[in-house]
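Reviewing the structure listed below.
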Amino acid sequence: SCPEYELNDRAIQVIAEAAALHDIGKIAIPNDILNGDKPLTDKEYEIMKKHVVYGYNILSKNSGDFMEAAAVIAYQHHENYDGTGYLGLSGENIHLYARIVKVADVFDALMEKRTYKKAWPPQKVREYILEKSGIEFDPAIVKVFDKVFDEAVEASKTTREKYK
């Protein structure tokens, strides 16, 4: 469980499972933008940003805890704590589930090799996330992340090995 936010085991399970759908809106983004090997142009970036709306539109058509969580996560996972994200939401106006997934998503993206970048060493990822506390990330969630960092790195390695 997560006593910092009084999340019970069911809520944690819903977040973990719903988070898997956070980028479902990318199915509506052209492949050349998704799989390019160089930084996005301003025009491509504006197209890419729309995946949060596409994802929300796909997922919000259904009811229930899981689908509602998946929809809000898909819609808000690129929001920055300071309000500089895609939609301009800030702080507590960003749903708790999206604030949690934001940290996990950035952790995963930085730990993983992509067509346009190398994987970062774990310590560099940790430093980045700690440095962006209160800017990109909810400071309370960053504290929890820091406590479980070693476990997250191990889980990340295990997952990558499993899907090689």
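By average Cβ neighbour count within 10 Å, what is the ranking of 78-86, 65-73 from highest down?
65-73, 78-86
First compute the accessible area of the stretch 108-164 with a 1.4 Å probe, then give the percent of it belonging to carbon and sulfur atoms.
56
Take the Cα gyration tensor of the stretch 54-125, multiply each eigenvalue by 5, square-root it, and list the three semi-axes largest first, rounded to whole angstrom.
After diagonalising the Cα gyration tensor, the semi-axes are 25, 15, 11 Å.
Is it possible to state the helix-based mean residue ellipticity at 222 nm for the chain, with each DSSP H run of 4+ residues giving -39500 (n - 2.57), the sum divided by total residues, to the nearest 500 deg cm²/dmol? What is it?
Counting only the DSSP helices, I get -17000 deg cm²/dmol.
Once every Cα of the stretch 13-164 carries one equal point scatterer and solvent is ignored, give the base-10 log of I(q)/I(0) from the Debye formula at q = 0.12, 0.17 Å⁻¹, two decimals.
-0.52, -1.11
How big is the dipole moment of the chain about its Cα centre under a simple scheme where the beta carbon of each Lys and Arg is +1, that of each Asp and Glu is -1, and everything else is neutral? Debye, nearest 20, please.
Magnitude of the dipole: close to 620 debye.
Taking the stretch 5-104, how many lysine pairs are there with alpha carbons less than 20 Å apart, if each pair must be eight or more places apart or span two chains?
11
Largest first and in whole Å, give the semi-axes of the stretch 1-103's equivalent ellipsoid, each being the square root of 5 times a Cα gyration tensor eigenvalue.
26, 16, 11
Return the long-range amide H neighbours of L7 (sequence gap of 5 or more, or a different chain), with a cut-off of under 5 Å between placed amide H atoms.
Here the answer is C2, since their amide H atoms fall under 5 Å of that of L7.
Per residue and in Å³, how big is the convex hull formed by the alpha-carbon atoms of the stretch 50-93?
Given the Cα convex hull of the stretch 50-93, per-residue volume reads 58 Å³.
For the stretch 116-123, in order, what is each residue's ³J(HN,Hα) by Karplus, 6.51 cos²θ - 1.76 cosθ + 1.60 with θ = phi - 60°, in whole Hz (x at glycine and Pro)?
Karplus-based 3J(HN,Hα) across the stretch 116-123 equals 9, 7, 7, 5, 8, x, x, 5 Hz.
Could you state the number of Å between the C-alpha centres of the stretch 12-31 and the stretch 51-109?
10
The values are calculated or read from the model by the stated rules, or taken from the named source; none is laboratory data. Being a predicted model, the structure only gives us computed values, none of them experimental. Positions of Cβ are backbone-derived with ideal geometry, glycine not excepted, and every protein chain shown enters the neighbour counts. The area values use the complete protein model at the heavy-atom level, side chains included, leaving out ligands, DNA and RNA. Shrake-Rupley method; radii C 1.70, N 1.55, O 1.52, S 1.80 Å.
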